[in-house]
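Worksheet for the structure shown next.
The values are calculated or read from the model by the stated rules, or taken from the named source; none is laboratory data. Quick caveat, the model's predicted, so the values are computed rather than measured. We work out accessible area using only protein heavy atoms, side chains counted, and drop any ligands, DNA or RNA first. Shrake-Rupley method; radii C 1.70, N 1.55, O 1.52, S 1.80 Å.
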Amino acid sequence: MRKICYTRCMEIYIEYAFLENFLYDGGLLALAFFASKEKVCWGRIGLSATLGGVFALLFPFLRLPLFLKNVLKLTMGALLCMLAFPVIKTRKEWGRYALTTIFFFIFSFGFGGVLLALFSTFPAEGEGYVIGKIPSVLVFFCFSLLLFACIFGIRWLQARKTVYQNLVLCRLYSSTQWKDARGFVDSGNLATKNNRPVCFVTPDLLFSLFEEEIFAKQGTHVCDEMKIVTMAGERIIPLYSGEIELEGRKIQVYFASGRNMIGRGYDVLLHGQILEEKGENL
């Protein structure tokens, strides 16, 4: 195993230095592609990360002004993203490449800042750890935690964006009253009964719509039942007859209680094709 010496007091093994930078560049590139919703090509990312690892080994030997060094770093970052990106021809593809590159720089500077702030809390030289000699395993472990935290955060943001893009204002009617609500058009909800769409509402909204019937125990609006399959198994749910008003038109529907909708940003899980039909039964 060969080693090189960057300064009089710091020796770095070539294999370890290359592997570290290869993993860091590869992880940041994959994260940038994930954030920009681009397809991840692991072969291209591996090639780009390899170039990044070689560049990290050669960079300390360059004798350039600080300004030119910073320009070279930025240029190399853009080049790494370009190598990892598919063929770029159209203006839209250039725009997607630019967005991915921006994410790459954001994550690079962000991760560097967080790790620097984290490890600067270690005691200075002579008191234990030296910032320049933090164990590589510990750095990689913290880097991995940040990587997975970002993936989780990006997934959450993308899911919230999808929800808000599919939110519609609607009005729900029972025989005695109506309620305004926010509905989410779920393409996966294709439940129907008697050729009428089934919309799932939060338990409190369902109770407020059919409060009089529930308290009177008349059950006049529990007009049908439907079997659904969940992870907990099969169960029978009651259906309540009513109407829903969307885009100025009323549609005959069944309402059912949705148990797992609290805190999701909407009150009604609408049928996936309810906006496509024009008032006829599905």
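The 1.4 Å probe gives accessible areas that order Asp267, Asp204, largest first, as Asp204, Asp267.
Backbone phi angles across the range 238-249, fed through the Karplus curve with coefficients 6.51, -1.76 and 1.60 (θ = phi - 60°), yield HN-Hα couplings of x, 10, 10, 7, x, 9, 10, 9, 9, 6, x, 10 Hz in residue order; Gly and Pro are listed as x.
Element breakdown for the range 30-74 at a 1.4 angstrom probe: carbon and sulfur atoms account for 74% of the accessible area.
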